[in-house]
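Chemist: The structure follows.
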Amino acid sequence: RGFRMTHRQDAISVAIAHYNRGVLAHRPLCNLLDNPVVGEVVFFDDGSRPDELLHLQAFIGSLGLGEKVRIEGRAKNLGAQATKLDAVAACRKEWVLVLDSDNTAFAGYLRALGQLSNKDPETIYCSPFAFPYFSFWPLAGRRLDFKSCAWMTNEGLLRRVFIINDGNYLVHRGTYLERLSRLRTARSDAADVMMANYLWLSEGGAIQVL
């Protein structure tokens, strides 16, 4: 209540894959509303229980922001990666912040996204810290490609967690959908992070840790 949701011409979308976390919907919205970097927020529901979906709908409705924060979804549960893809596809902006429903985009990360110029569609822009417990600070400021990740892994300089679970990251909508849509039917728990990042890097993409 009381949010204005004003935004810049080059504002981004935020895509949130949601499943049975309606009572926690406030968590991913922290720092997003009233932030001029954010043009819209899309929750995509992956066949949640009716009570959880009702919680989500009631909370979003109470914000009174209309199409600025909206809910899309389907009745059938298809898993995390399919839902992230559908959430990104439902967005209207060229660049999309993919945010886990139990995560928070910190103000510093949003500020850094707002300061990016000449963004590369082949690069994922990752936060240096993913709430609540994934720290990527040792990699802050680095641009990671497949070769550098392989070298750091072989040298023991890169723990797997650094490139497996990023929790929130900015992607180019078209490139993300083109590159990763083949993982839509993958139901592995690792499909939306480990497999997706490996595929992204192995095909020439990069991850920039801000």
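Chemist: When you go through 78, 99, 33, 29 one by one, which is the residue that is farther than 27 Å from residue 180 by Cα and at pLDDT below 95? Let's see the steps before the verdict.
Modeler: Details: 78 fails: farther than 27 Å from residue 180 by Cα; 99 fails: farther than 27 Å from residue 180 by Cα; 29 fails: farther than 27 Å from residue 180 by Cα.
Exactly one residue qualifies, and that residue is 33.
Chemist: Got at least one residue in segment 68-77 being without any contact (Cβ under 8 Å) to a residue 24 or more places away in the chain, in a helix (DSSP H, G or I) and either farther than 26 Å from residue 184 by Cα or of a type outside the set (S, T, N, Q) (or both)?
Modeler: Initial filter on segment 68-77 (without any contact (Cβ under 8 Å) to a residue 24 or more places away in the chain): none.
Among the residues of segment 68-77, not one is without any contact (Cβ under 8 Å) to a residue 24 or more places away in the chain, in a helix (DSSP H, G or I) and either farther than 26 Å from residue 184 by Cα or of a type outside the set (S, T, N, Q) (or both), which makes the answer no.
Chemist: Continuing with the same structure: Tell me whether segment 45-59 contains one or more residues that are surrounded by fewer than 17 Cβ atoms within 10 Å (Cβ to Cβ), among the polar types (S, T, N, Q) and out of contact with any Phe, Trp or Tyr (no Cβ under 7 Å at 6 or more places or on another chain).
Modeler: For segment 45-59, residues surrounded by fewer than 17 Cβ atoms within 10 Å (Cβ to Cβ), among the polar types (S, T, N, Q) and out of contact with any Phe, Trp or Tyr (no Cβ under 7 Å at 6 or more places or on another chain): present.
Chemist: Related question: Just to verify a result, which residue in segment 92-149, among those that are among the hydroxyl-bearing types (Ser, Thr, Tyr) and open to solvent by 60 Å² or more (accessible area, probe 1.4 Å), is nearest to residue 17 (Cα to Cα)? Please lay out each step first, then the result.
Modeler: If we filter segment 92-149 for residues that are among the hydroxyl-bearing types (Ser, Thr, Tyr), which is where we start, we get 101, 104, 109, 117, 123, 125, 127, 133, 135, 148.
Those still in the list that are open to solvent by 60 Å² or more (accessible area, probe 1.4 Å) too: 117, 133.
On the way: 117: 27, 133: 19 Å.
That would be 133.
Yes/no matrix, rows are residues, columns are (1) at pLDDT 80 or above; (2) in a strand (DSSP E or B); (3) touching a Leu at 6+ places or on another chain (Cβ under 8 Å):
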| position | (1), (2), (3) |
| --- | --- |
| 91 | yes, no, no |
| 114 | yes, no, no |
| 118 | yes, no, no |
| 125 | yes, yes, yes |
| 147 | yes, no, no |
| 177 | yes, no, yes |
| 194 | no, no, no |
| 199 | yes, no, yes |
| 207 | yes, yes, yes |
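Chemist: While we're looking at this one, here's another question. Residue 86 versus (1) within 13 Å of the chain's Cα centre (by Cα); (2) among the acidic types (Asp, Glu); (3) within 22 Å of residue 210 (Cα to Cα): which is the lone unmet condition?
Modeler: Single failed check for residue 86: (3).
Chemist: Scan segment 63-74 for residues that are modelled with pLDDT under 95 and either open to solvent by 30 Å² or more (accessible area, probe 1.4 Å) or under 19 Å from the mean Cα position of the chain (by Cα) (or both) and jot them down.
Modeler: Result: 64, 66, 67, 68.
Chemist: For segment 150-175, name all the residues that are at pLDDT 75 or above and either under 17 Å from residue 125 (Cα atoms) or of a type in the set (A, V, I, L, M) (or both).
Modeler: Of everything in segment 150-175, those that are at pLDDT 75 or above and either under 17 Å from residue 125 (Cα atoms) or of a type in the set (A, V, I, L, M) (or both) turn out to be 150, 152, 168, 169, 170, 171, 172, 173, 174, 175.
Chemist: Give the residue, chosen from 31, 20, 77, that is over 22 Å from residue 197 (Cα atoms), touching a Leu at 6+ places or on another chain (Cβ under 7 Å), of a type in the set (S, T, N, Q) and surrounded by fewer than 23 Cβ atoms within 10 Å (Cβ to Cβ).
Modeler: Among 31, 20, 77, only 31 is over 22 Å from residue 197 (Cα atoms), touching a Leu at 6+ places or on another chain (Cβ under 7 Å), of a type in the set (S, T, N, Q) and surrounded by fewer than 23 Cβ atoms within 10 Å (Cβ to Cβ).
Chemist: Continuing with this model, one more query. Would segment 82-104 turn up any residue that is in contact with an Asp or Glu (Cβ under 7 Å, 6 or more places away or on another chain) and without any contact (Cβ under 8 Å) to a residue 60 or more places away in the chain?
Modeler: The answer is no, given that none of the residues of segment 82-104 is in contact with an Asp or Glu (Cβ under 7 Å, 6 or more places away or on another chain) and without any contact (Cβ under 8 Å) to a residue 60 or more places away in the chain.
The values are calculated or read from the model by the stated rules, or taken from the named source; none is laboratory data. Predicted model only: the values in this text are computed from it and were never measured. A quick note on method: Cβ atoms are made from the backbone with ideal geometry, for glycine too, and the neighbour counts reach across all protein chains shown. Just the protein is used for accessible areas: all its heavy atoms, side chains included, with ligands, DNA and RNA removed. Shrake-Rupley method; radii C 1.70, N 1.55, O 1.52, S 1.80 Å.
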